[in-house]
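Remarks on the structure that follows.
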Amino acid sequence: MLSTARDYGNDEEGVGITTLLRKANLSYARLSRILHDLVRSGLMDEIPQERGNRYKINVTGLQFLQAYASFEEFAESFGLRL
């Protein structure tokens, strides 16, 4: 979810829920819960608009993705797959 928001959302507007639904291949209910958790955790920002909300990865979310990529590389060096 975070990488999709990073890759498909522009800096000002973020990404819409339709794009996230298509890329994640999840039900609306499941995606809504995940987004709620990411916003509550401080990894994404919710941007209210007239026609629904948009979502934008924030600095903390970007730092998390970088740390995850480093950990994934470390695990793969030991033959582990995440």
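The values are calculated or read from the model by the stated rules, or taken from the named source; none is laboratory data. Keep in mind that this is a model prediction, so the values were computed, not measured. A quick note on method: Cβ atoms are made from the backbone with ideal geometry, for glycine too, and the neighbour counts reach across all protein chains shown.
Restricting the search to segment 12-49, which residues are free of Cβ contacts under 8 Å to residues at least 40 places away in the same chain, in a strand (DSSP E or B) and in contact with a strand residue (DSSP E or B) (Cβ under 7 Å, 6 or more places away or on another chain)? Within segment 12-49, Gly16, Asp45, Glu46, Ile47 meet the criteria. Do we have any residue at all in segment 50-60 that's in contact with a Gly (Cβ under 9 Å, 6 or more places away or on another chain), surrounded by 16 or more Cβ atoms within 10 Å (Cβ to Cβ), in a helix (DSSP H, G or I) and at pLDDT 95 or above? Among the residues of segment 50-60, not one is in contact with a Gly (Cβ under 9 Å, 6 or more places away or on another chain), surrounded by 16 or more Cβ atoms within 10 Å (Cβ to Cβ), in a helix (DSSP H, G or I) and at pLDDT 95 or above, which makes the answer no.
Each residue in segment 49-64 was checked for being within 17 Å of the chain's Cα centre (by Cα) and over 18 Å from Leu31 (Cα atoms), and 6 pass. Of all residues in segment 65-80 being among the hydroxyl-bearing types (Ser, Thr, Tyr) and within 24 Å of Leu38 (Cβ to Cβ), which is nearest to the chain's Cα centre (by Cα)? Ranking the candidates gives Tyr68 first.
Among the residues of segment 61-81, just one is of a type in the set (A, V, I, L, M) and loosely packed, with under 10 Cβ neighbours inside 10 Å, namely Leu80.
Being surrounded by 15 or more Cβ atoms within 10 Å (Cβ to Cβ) and out of contact with any Lys or Arg (no Cβ under 9 Å at 6 or more places or on another chain) is the filter; apply it to segment 7-31 and report the residue that is farthest from Gly61 (Cα to Cα). So, considering only residues that are surrounded by 15 or more Cβ atoms within 10 Å (Cβ to Cβ) and out of contact with any Lys or Arg (no Cβ under 9 Å at 6 or more places or on another chain), the one farthest from Gly61 (Cα to Cα) is Leu26.
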